[in-house]
Amino acid sequence: MRILVVNNFYPPRVGGSAHLSDALARGYADEGHEVLVLTAAYSGAPAMEEHGPNLRIVRLPSVSIPETRLSVSFDLAFTMRPSRRRRLKALLDDFQPDVIHQHGQFFDLTWATARYARRRRIPVLLSIHTRLENPKARYHGAFRWLDAIVVAPILRRYRPRIVVMDVQMDEYIKRRYRRGYDGLEYIPVGVDSARVGMGNAATVRDRHDLGDAPLIVSLGHVIPLRDRVLLVEALPKVLSEFPETRLVVVGHVYYDLFLQRAKELGVESAVVCVGAVPKPDVADYLAAATVEAHDLQGYGMGTATLESMACGVPVVVAVRPDNFPGIELVTGRDCVLVPQGDADALANAIVALLANSDARMWIGEHGRRLVQEHFDLRVVIAEHLHALESLAAI
């Protein structure tokens, strides 16, 4: 197959969507399919790259929108230029895709390739990574308006098949995008479980002068939907039991309310923000972690949590046991489930793990097995290819 992969977010930009779309594109190419990736220019990356005979990456000139709550607290890059339509048409006419795999429902490259696909009757698979939601009512209302007035009508015009990654996304898609899709594919996010488990703990502990302190590592960019405030509010109780504990936040801080809260509670000295790090360095932070926690606001369980589990790190999460359709999460075995918004319960869960190395090992090992069985990248690539092949055969 000739597969067009589309995502405004793509490496060297870091983030779950960027890394997953890159891993899938490389996986498709490794399986012998011809792959063209279309993305937005970012941070001096080359306008075109070729990786082997089957993978080509094209980065179109883009304009970045500043970080705001209405940009989901990311610096979004859009390719809206007068010349883009002609350039896009020339690229796709030359490539002649059999099927298109889009990532992200609110990006301009998704909308542009949707128009191309509709006119040429090319089947489309769309992976939705981000729900347009915000805990602040005024922003949440704006996102609902964007979904209703812009995104949903566009989806209804070309009706892609949509990849559903978890139960909350399933509910969101059915609620917001009714009549905007032609079938659902239930495929979870994937992680390269072999690669992420090869870190060096000493590198991180030496770099940040952490010694032998217990580390609560918190992976992923800090945005309103993963704001780390609850973690900070749990810290006083954790520190009363384990005074040397450090909360290590690995990711760009787009939303700094947790730092303000840390100052109010007098625990700022226990918080270490390291910023965004290259993907290979994530393994070092996980190797150094005693516990990992960041999915605590009821918005699902993302790639970073699964990567932590793949490394054998026990994770504390606030999700439903049926977060992934067909896969039951058992607390105390696969992970530790805590109620949403309960700082005391979160603190108690972390203290219990810090106090019991046997429990950490037990949960870490079972979490690793769960990821290898259901979320390993090889499994997820095969499931995506099956969906793409079925679309191309229509």
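Summary of values
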| read-out | value |
| --- | --- |
| Top-ranked residue of segment 296-305 - restricted to ones that are open to solvent by 20 Å² or more (accessible area, probe 1.4 Å) and assigned to a loop (DSSP other than H, G, I, E, B), ranked as farthest from Ile216 (Cα to Cα) | Tyr299 |
| Qualifying residue in segment 27-37 (condition: in contact with a His (Cβ under 9 Å, 6 or more places away or on another chain), closer than 16 Å to Val189 by Cα and not basic (Lys, Arg)) | yes |
| Helices (runs of 4 or more DSSP H) fully within segment 187-295 counting 2 or more residues that are touching a Phe, Trp or Tyr at 6+ places or on another chain (Cβ under 8 Å) | 229-241 |
| Helices (runs of 4 or more DSSP H) wholly inside segment 73-184 that include at least 3 residues being at pLDDT 95 or above | 84-95, 108-120, 152-158, 167-176 |
| Failed item in (1) surrounded by 18 or more Cβ atoms within 10 Å (Cβ to Cβ); (2) closer than 22 Å to Ile394 by Cα; (3) over 18 Å from the mean Cα position of the chain (by Cα), with Leu126 passing the rest | (3) |
| Where Arg378 falls short, out of the listed (1) crowded, with 16+ Cβ neighbours inside 10 Å; (2) closer than 25 Å to Asp281 by Cα; (3) of a type outside the set (Asp, Glu) | (1) |
| Qualifying positions in segment 188-216 - among the hydrophobic types (A, V, I, L, M, F, W, C) and either more than 21 Å from Leu20 (Cα to Cα) or open to solvent by 30 Å² or more (accessible area, probe 1.4 Å) (or both) | Ala194, Met198, Ala201, Ala202, Val204, Leu210, Ala213, Leu215, Ile216 |
| Number of the condition not met by Lys263 [criteria: (1) under 22 Å from Phe375 (Cβ atoms); (2) surrounded by fewer than 18 Cβ atoms within 10 Å (Cβ to Cβ)] | (1) |
| Qualifying residue in segment 352-359 (condition: in a loop (DSSP other than H, G, I, E, B), acidic (Asp, Glu) and free of Cβ contacts under 8 Å to residues at least 40 places away in the same chain) | no |
| Test result for Ala45, surrounded by fewer than 18 Cβ atoms within 10 Å (Cβ to Cβ) and of a type in the set (A, V, I, L, M, F, W, C) | yes |
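Residue-wise test of (1) closer than 30 Å to Ala387 by Cβ; (2) surrounded by fewer than 19 Cβ atoms within 10 Å (Cβ to Cβ).
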{"position": "Lys174", "(1), (2)": "yes, yes"}
{"position": "Leu231", "(1), (2)": "no, no"}
{"position": "Lys237", "(1), (2)": "no, yes"}
{"position": "Ser240", "(1), (2)": "no, yes"}
{"position": "Leu257", "(1), (2)": "no, yes"}
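The values are calculated or read from the model by the stated rules, or taken from the named source; none is laboratory data. A quick note: this is a predicted structure, and the numbers were derived from the prediction, not measured. Reconstructed Cβ throughout: ideal geometry from the backbone, glycine too, with neighbour counts over all protein chains shown. Each accessible area value is taken on the protein alone, full model and side chains, heavy atoms only, with ligands, DNA and RNA left out. Shrake-Rupley method; radii C 1.70, N 1.55, O 1.52, S 1.80 Å.
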